[in-house]
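See below for the structure under consideration.
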Amino acid sequence: MADKVDIPVKLSMRYGNPSIEKAIDEFIKEGITDIYVMPLYPQYTLSTFESAKEKFEEVAERNENLKYKFLNPFYDDPGYISALAETVSNGSDSNYYLFSFHGIPESHVYMADPTHHQCRIDAICCSGTQKTAHKTCYRHQCLQTAKLTARRLGLNDEQWSVSFQSRLGKEKWLEPYTQDVLKSLPSKGIKDICMLAPSFTADCLETLEELGIEGKKTFLEAGGENITIAPCLNSSPAWIDFLADKINKWTKK
């Protein structure tokens, strides 16, 4: 990244270290008071993008001279879709793709709807146009990411589907659940698949362990023959170029 942009770049974590506080303090010590904040969450949720945004604003308010702008969720940005498709196509020759997104409780989807009436969590709602709720609707944004990536990969509608992983507790979460889909695919004659996790821009326990180990085991025990777990974007050249392009456009504002 350093050789692609002309301004300092710092990493921070919403939870953990290096913290948002530390990153802001370092910028200020360097005399930098105009910051481009890039939450690396492709799709919007209250617990990810909004939480990171609120935390940054909370810390930034302690510094009255600080100016900042956020990169909004980029779930349908052509650069992101291109990077995602390139990463997937580099590692798989499967003819069926399962897009497994991180799950959230259905109640969070309704809470994020600013109109309090547009969101119904059905096919018509999420596929409709001119929906104010789509700007903050995680489900809609996940479906759009999957559809655009599938299109970029040249897949037809029978060659891909969407599921949601990491369900916790007894509350109803977004469906279908990844584990259930993995169990059902072999019985439908789909025994060679590629699975990817587009809501994560970097591999973590939920991609390496939950999908790469548990998910793979579930699929094979159900009669599947081969499963490829596509890597997340990580430090892939196309992804780094996407981020650098956003930064460079911001510096020329």
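The values are calculated or read from the model by the stated rules, or taken from the named source; none is laboratory data. Predicted model, so just to flag it, every value in this text is computed and none were measured. Neighbour counts are summed over all protein chains in view; Cβ atoms, including those assigned to glycine, are modelled from backbone coordinates with ideal geometry.
Find the helices (runs of 4 or more DSSP H) located wholly in the stretch 188-253 whose residues include 1 or more that are in the same structural domain as Tyr68 (by TED's automatic domain parsing) and either over 16 Å from the mean Cα position of the chain (by Cα) or of a type in the set (Asp, Glu) (or both), and list them.
Values: elements: 205-208, 216-221, 237-251.
Result: 237-251.
Only one of these is of a type in the set (A, V, I, L, M, F, W, C), in contact with a Pro (Cβ under 9 Å, 6 or more places away or on another chain), surrounded by 13 or more Cβ atoms within 10 Å (Cβ to Cβ) and in contact (Cβ under 8 Å) with a residue 60 or more places away in the chain: Leu185, Leu153, Leu148. Name it.
Every option except Leu148 fails the conditions.
I'd like to know if the stretch 74-84 contains one or more residues that are aromatic (Phe, Trp, Tyr), under 30 Å from Glu175 (Cβ atoms) and in a loop (DSSP other than H, G, I, E, B). I'd like the intermediate steps shown before the answer.
Residues of the stretch 74-84 that are aromatic (Phe, Trp, Tyr), as a first pass: 74-75, 80.
Now restrict to residues that are under 30 Å from Glu175 (Cβ atoms): 74-75, 80.
Those left that are additionally in a loop (DSSP other than H, G, I, E, B): 74-75.
Yes, that holds for at least one residue.
Can you find a residue in the stretch 113-124 that is of a type in the set (A, V, I, L, M), crowded, with 20+ Cβ neighbours inside 10 Å and out of contact with any strand residue (DSSP E or B) (no Cβ under 7 Å at 6 or more places or on another chain)?
No, the stretch 113-124 contains no residue that is of a type in the set (A, V, I, L, M), crowded, with 20+ Cβ neighbours inside 10 Å and out of contact with any strand residue (DSSP E or B) (no Cβ under 7 Å at 6 or more places or on another chain).
Ser163 fails exactly one of the following numbered conditions: (1) at pLDDT 95 or above; (2) of a type in the set (S, T, N, Q); (3) under 20 Å from Leu233 (Cβ atoms); (4) surrounded by fewer than 21 Cβ atoms within 10 Å (Cβ to Cβ). What is the number of that condition?
Ser163 satisfies all of (1) at pLDDT 95 or above; (2) of a type in the set (S, T, N, Q); (3) under 20 Å from Leu233 (Cβ atoms); (4) surrounded by fewer than 21 Cβ atoms within 10 Å (Cβ to Cβ) except (4).
Within the stretch 45-58, can one find any residue that is assigned to a loop (DSSP other than H, G, I, E, B) and not assigned by TED's automatic domain parsing to the domain that holds His140? Outline the logic, then answer.
Keep residues of the stretch 45-58 that are assigned to a loop (DSSP other than H, G, I, E, B), which gives 45.
Pick out the ones that are also not assigned by TED's automatic domain parsing to the domain that holds His140 and you get 45.
Among the residues of the stretch 45-58, at least one is assigned to a loop (DSSP other than H, G, I, E, B) and not assigned by TED's automatic domain parsing to the domain that holds His140, which makes the answer yes.
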